[in-house]
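Each remark here refers to the structure printed beneath this line.
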């Protein structure tokens, strides 16, 4: 037992050590508490920070803090969705002298990272998926770094590449997805000195120029990602030295040339994506890459054959080779040895049979082989491929009968066999295709009748069986297809009567029954097709009268030519807009003097001669009385018009003084004259205004309501004043040549467009002296999408539920797709897509409107150039909707419209305006989606809870939001085409088909691929 004196000395020593340790940890506690104070902590993260106590003697028990002895060596605050305007890196680094690892991954942290360079003991610095901005400081003091991850932020200025020379031990360098970084002059050579690197992620970091041969020095690399950069030149041969590579991503660059010799040495490679480049040559270097899981080389210029060795790859899941110049046959064993779920070899020049075993393992989801020269029959094995969602083999040279089970695939959404030489009939099993939305069989040799079971395929939206050898009759069961949007049975031998049940297909917008043997009368039940926009029944054997109900439909196209119709054409159809709709029907006539139809005689329409004579006599007597009354009315009306004109002109400036001073161009059925239109343009009828002109609601004498846009075109001075009740057509002094161009563009564009989702232009009215121009549209009673979502009276008007919002999204997308892809060699850009330019009809169906800024782009440009429009005129678009590249290119492409439409999709999904609280919705959504936490939960948190209430609605809204994110990518080339957008939006509704437990079936996809 030690003496008492020694014992007291020992206690004193221990006490001194405790006090010293406490004094040493006090600054660390204070620094961590200062860090916590800078944060906005959501409730879900409260538990994490509950252990952080300012009174603690040591921070070593704080959640996320790791110590060695009493010194803090690691701080990890990740995936908590905490936010901060700035992080006190200087305080942290100044006090945590031993800090070796700092991870703030996946939060919503902002501000600069100035001061982080003082953490000289750091070995791991991970700050990805935040909103850090500003210039990255010189990081050379951090010489001991093993991991540097600054990806997915908003840094600007030049990256401190020279600082990398001090980090010889660096193993992970990740600075990708920082699109605001200053473009490099060349590929940073400092990287090649980092020979210990295992991961290099620099995608979307503005790396410019060719990839140097020095890349071959990084032999330890496992993951190399350089996609979405303006890289040029060929893939260097030296890349074959990276024998440890498992993932190589070079997509969406500007790379050229062939795959380098020796590329086949990368035998550990699992994921290779060099799509969307200009690569040439063949695929022979890939035959030894047996571990490939995903191979994506679409949108290149590759040629030659697909190596037969691909058939032995046991891990291949995704093969995307579409839009190249590949030839020869596909390997017969392709897909037979792996759990493949996606193969797309479309738009090549491939030949031979379809490999029989691509669904052997029962995992195939999408098989796309369209636009090649495949031949032979569809292998019988695909009849039992029950996992298939899409089977597309159109535009090949395939023959034989379709395996019976293929018609009945339960999950198939698209069966596309168009443009082949298939024979036999359409299988009766089609009624079991519960998920089928598109049945595309045009241009084959199918025979027999359309099976009546087709009415049981209740999700069908599009049926195209045109140009086949079908017979029989149109099955009455087709009336059960309430979602059917398009029906095309043209150029077959189908006979019998048109079934009255067709009138129950209430979603039909396009119906083509031309060139068949249909007989009998046109059923009056077609009045139920209120959305019908395009109707062709030409070249049949139809008889009887033209039903008056057709005049009630809003038809942009009507063709009843070459039939056996007779009797008077209803007055609403006997107009110049339908001048060629009745050719080849000698029995038809008109009572209204239509020049393209003969005038009806007393014997037309089945009347007896005596009855007709009596009617003519009565008619003549009535006309004599009417003429007398009309003379009096005209006299009174002229006096009133002179008085109104004088009052409006404010003196001698009479806008309508000259008789016949208005020129009218009619594009649709009209039951009014120009004076009714002109007289309705008054202040009290004003319902909207924009950069292209004011819009008025005008109710005509016949009860019809139209919308009139007024564009002033004169440079003359405006009248001094006008009476408030008189028609207001001021001659604005600020009118310019730009407005003239706007007017001509809108008329030229809209008069040629016939689509159910594009607003209908009825006529144009132009003053003879060019002073004013009026565009007369159909009036859409439910206003604009903007008013329904964000307007001051939105709640009073009644908001839009999710089903309505989804229909608006799909309909508007189809309208924009038509403008981009449905106008032949003259694609049309809208240039001002926004929610206020999407109008809603009485059924809340959308119509794209306001083409004052539209441009028709000739196809005569240089090959390889994108559709674009540029000039020094007015800004194209609206703040919040304009694509970011417009700010520095001043060019508008079809991808600019896609970006704007993506903003509209975000409005629909989130309920947030394009610009709110000084922040645009794209940036607002991006910050939250890039934050920490589960991706699905983050997306769910953005949804408009007032619209998406049911679980299936939320799931569907999340899918639409994902499409919106794709559309609003900062890189134009990454944005999908509108054709792809339509398909993705249609696919978004797949969740409405639920599994037994009431939840949408999950479909796992390895990687999102946008298929054109």
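The values are calculated or read from the model by the stated rules, or taken from the named source; none is laboratory data. Given the structure is predicted, the values throughout are model-derived calculations rather than measurements. Cβ: placed from backbone, ideal geometry, glycine included. Neighbour counts: every protein chain shown.
Observations
- Members of the range 105-116 that are touching a helix residue (DSSP H, G or I) at 6+ places or on another chain (Cβ under 8 Å), within 15 Å of residue 91 (Cβ to Cβ) and outside any loop (DSSP other than H, G, I, E, B): 116
- Within the range 271-281, the set of residues being surrounded by 18 or more Cβ atoms within 10 Å (Cβ to Cβ), outside any strand (DSSP E or B) and either touching a strand residue (DSSP E or B) at 6+ places or on another chain (Cβ under 8 Å) or at pLDDT 95 or above (or both) comprises 274, 275, 277.
- Filtering the range 377-388 for residues that are part of a strand (DSSP E or B), crowded, with 21+ Cβ neighbours inside 10 Å and assigned by TED's automatic domain parsing to the domain that holds residue 445 leaves an empty set.
- When 367, 319 are checked against the criterion of being farther than 26 Å from residue 280 by Cβ, buried (at least 21 other Cβ atoms within 10 Å of the Cβ) and touching a strand residue (DSSP E or B) at 6+ places or on another chain (Cβ under 6 Å), 367 stands alone in meeting it.
- Here residue 295 does not fit the description of being in contact with a helix residue (DSSP H, G or I) (Cβ under 8 Å, 6 or more places away or on another chain), in a loop (DSSP other than H, G, I, E, B) and crowded, with 16+ Cβ neighbours inside 10 Å.
- Here the condition is being surrounded by 19 or more Cβ atoms within 10 Å (Cβ to Cβ), at pLDDT below 75 and outside any strand (DSSP E or B); of 925, 876, it holds for 876 alone.
- Considered as a group, the residues in the range 66-80 that are touching a helix residue (DSSP H, G or I) at 6+ places or on another chain (Cβ under 7 Å) and more than 13 Å from residue 99 (Cβ to Cβ) include one that is surrounded by the most Cβ atoms within 10 Å (Cβ to Cβ), and that residue is 80.
- Residue count for the range 436-447, restricted to those that are surrounded by fewer than 19 Cβ atoms within 10 Å (Cβ to Cβ) and either out of contact with any strand residue (DSSP E or B) (no Cβ under 7 Å at 6 or more places or on another chain) or in a strand (DSSP E or B) (or both): 1
- Single match in 419, 431, 425, 405 (criterion: within 20 Å of residue 488 (Cα to Cα), in contact (Cβ under 8 Å) with a residue 12 or more places away in the chain, in contact with a helix residue (DSSP H, G or I) (Cβ under 9 Å, 6 or more places away or on another chain) and not in a strand (DSSP E or B)): 431
- Test result for residue 492, in the same structural domain as residue 388 (by TED's automatic domain parsing), surrounded by 21 or more Cβ atoms within 10 Å (Cβ to Cβ), in a loop (DSSP other than H, G, I, E, B) and at pLDDT 95 or above: no
- Under the condition of being farther than 17 Å from residue 280 by Cβ and assigned to a strand (DSSP E or B), the residues counted in the range 208-259 number 7.
- Hits in the range 204-216 (condition: surrounded by fewer than 22 Cβ atoms within 10 Å (Cβ to Cβ) and farther than 21 Å from residue 140 by Cβ): 206, 208, 209, 210, 212, 213, 215, 216
- Residue list for the range 546-560, restricted to those being touching a strand residue (DSSP E or B) at 6+ places or on another chain (Cβ under 9 Å) and assigned to a loop (DSSP other than H, G, I, E, B): 546, 553, 554, 555, 556, 560
- When 335, 328 are checked against the criterion of being at positive phi and assigned to a loop (DSSP other than H, G, I, E, B), a single residue qualifies: 335.
- Search result, residues across the range 137-161 that are modelled with pLDDT of 95 or more and not in a loop (DSSP other than H, G, I, E, B): 147, 148, 149, 161
- The set of residues from the range 529-545 being in contact with a strand residue (DSSP E or B) (Cβ under 6 Å, 6 or more places away or on another chain) and under 18 Å from residue 461 (Cα atoms) comprises 534, 535.
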